[in-house]
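To start, the structure under review is shown below, and the notes come after it.
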Amino acid sequence: MGHMDISPTTPSLWIKIILGAVLVTFTCFYAWEFWSQKAPSIPHPHYLVFSGSDEPITPLPLAPPDLDQRKVVLGRKLFNELKLSHDNTIACASCHQLNRGGVDSRKYSLGIYGQLGSINAPTVYNSGYNFRQFWNGRAATLEQQIDGPVNNPVEMGSSWSEVISKLQKDPSYSIKFSSIYSDGITAENIENAIATFERSLITPNSRFDKFLRGDSKAITSKEFFGYQLFKSYGCISCHQGINIGGNLYEKLGIMLPYFKENGHLVVADMGRYVITKNIEDMHVFKVPGLRNIALTGPYLHDGSAPTLEDVVKIMGKYQLGLDLTNEDISEIVAFLRTLTGEYDGKPL
């Protein structure tokens, strides 16, 4: 009484249990050591096998386009020329400020006599890579785009006859035009010079471009994960290629009715419908390129999204049908901030 009956087999059973526990411990330890080296829980991109050539985004060329530099110089002068407006107060550079990402950072731009426009001014940087110009795509070329603001009564409020008359009174313009164009100062030549300058406004060598070219340390882990989310959630379906957009049309409000939930409908909200009168084009816009996006707020055609966080959340909801978490938004925004490039060899 008071003694436990221990069978002869009990010690061997305990030995097996102990040996098994030791084996499991060592197995887990070495497995953890192996995988922690092969795949860190928060890997820097340089741990990863990555081929930029297989990616849906293409880096901008490091060398500027082969352009007639005489036209570039003349176009730059005209881009900043107030005489293009009726009251000599507005130039192309008024709404497309090169020191502010190619925009004016306003919801709507101001035209002559302080008139307020009805749509957010897109960036002029890398605009030569867009397949169409304007939010509704009504201009096929940069030359055609220039015709719009000059003749718009709310923007420059002028006419080509008035602009040409002003420029002809300036001897320096007469000399410059005649040295480049056989027919001197014409509307077509003014458009051509400005458009040539605008085609020179490329911004290569962003940190993400460097990453695509093989510099795995150009971006951080968070930025890399943001890019993976950008792809896996479907943002990449509209924002890809050399300009990370600017090469197709898309409806704003694919998954949910953006305009039904966001106030009174105005003409600018109609998108391509204004041009085509096809009901299927209602609320369809040219997808904007995302290069230098961190500098070009406020966002969307209506300038309703003040920050990158705001516009990513809106896109997730209305375009993808996703309720993105704050962490997702933070990582995607971190990626978007890697898209800021350089102009004339200097960071924007």
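The values are calculated or read from the model by the stated rules, or taken from the named source; none is laboratory data. A quick note: this is a predicted structure, and the numbers were derived from the prediction, not measured. Using ideal geometry, Cβ is built from the backbone for each residue, glycine included, and neighbour counts are taken over all protein chains shown.
For segment 168-187, does any single residue satisfy the condition of being in a loop (DSSP other than H, G, I, E, B), under 17 Å from the mean Cα position of the chain (by Cα) and on the phi < 0 side of the Ramachandran plot?
In the first step, residues of segment 168-187 are kept if they are in a loop (DSSP other than H, G, I, E, B); the result is 169-170, 181-186.
With the extra rule that they be under 17 Å from the mean Cα position of the chain (by Cα), the set shrinks to none.
Scanning segment 168-187 turns up no residue that is in a loop (DSSP other than H, G, I, E, B), under 17 Å from the mean Cα position of the chain (by Cα) and on the phi < 0 side of the Ramachandran plot.
Looking at the structure I just gave you, is ASN243 buried (at least 18 other Cβ atoms within 10 Å of the Cβ) and without any contact (Cβ under 8 Å) to a residue 60 or more places away in the chain?
It is false that ASN243 is buried (at least 18 other Cβ atoms within 10 Å of the Cβ) and without any contact (Cβ under 8 Å) to a residue 60 or more places away in the chain.
Could you grab me the full set of residues in segment 87-113 that are in contact (Cβ under 8 Å) with a residue 12 or more places away in the chain and assigned to a helix (DSSP H, G or I)?
CYS92, ALA93, SER94, CYS95, LEU98, ARG100, ILE112, TYR113
Just wondering, is there one or more residues in segment 151-170 that are hydroxyl-bearing (Ser, Thr, Tyr), in contact (Cβ under 8 Å) with a residue 12 or more places away in the chain and within 27 Å of PRO64 (Cβ to Cβ)?
Within segment 151-170, not a single residue is hydroxyl-bearing (Ser, Thr, Tyr), in contact (Cβ under 8 Å) with a residue 12 or more places away in the chain and within 27 Å of PRO64 (Cβ to Cβ).
The rows are residues; the columns are (1) under 15 Å from VAL124 (Cα atoms); (2) surrounded by fewer than 19 Cβ atoms within 10 Å (Cβ to Cβ).
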site: PHE197; (1), (2): yes, no
site: GLY214; (1), (2): no, yes
site: GLY226; (1), (2): no, no
site: LEU252; (1), (2): no, no
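Residues of segment 167-195 being surrounded by 17 or more Cβ atoms within 10 Å (Cβ to Cβ) and of a type in the set (D, E, K, R), which ones?
Answer for segment 167-195, where residues must be surrounded by 17 or more Cβ atoms within 10 Å (Cβ to Cβ) and of a type in the set (D, E, K, R): LYS176, GLU191.
Taking segment 262-286 as the region of interest, how many residues are surrounded by fewer than 21 Cβ atoms within 10 Å (Cβ to Cβ) and part of a loop (DSSP other than H, G, I, E, B)?
The number of residues fulfilling the criteria is 9.
If the requirement is being of a type outside the set (Asp, Glu), outside any helix (DSSP H, G or I) and touching a residue at least 40 places away in the same chain (Cβ under 8 Å), which of these qualifies: GLY297, GLY316?
On the way: GLY316 fails: outside any helix (DSSP H, G or I).
Of the residues listed, the single one that is of a type outside the set (Asp, Glu), outside any helix (DSSP H, G or I) and touching a residue at least 40 places away in the same chain (Cβ under 8 Å) is GLY297.
Restricting the first residue to segment 212-223 and requiring it to be in the same structural domain as ILE242 (by TED's automatic domain parsing), which pairs with a second residue that is among the hydroxyl-bearing types (Ser, Thr, Tyr) meet a Cβ separation below 7 Å and a spacing of at least six or different chains?
Within 7 Å, the pairs are ILE219/THR338; GLU223/THR338.
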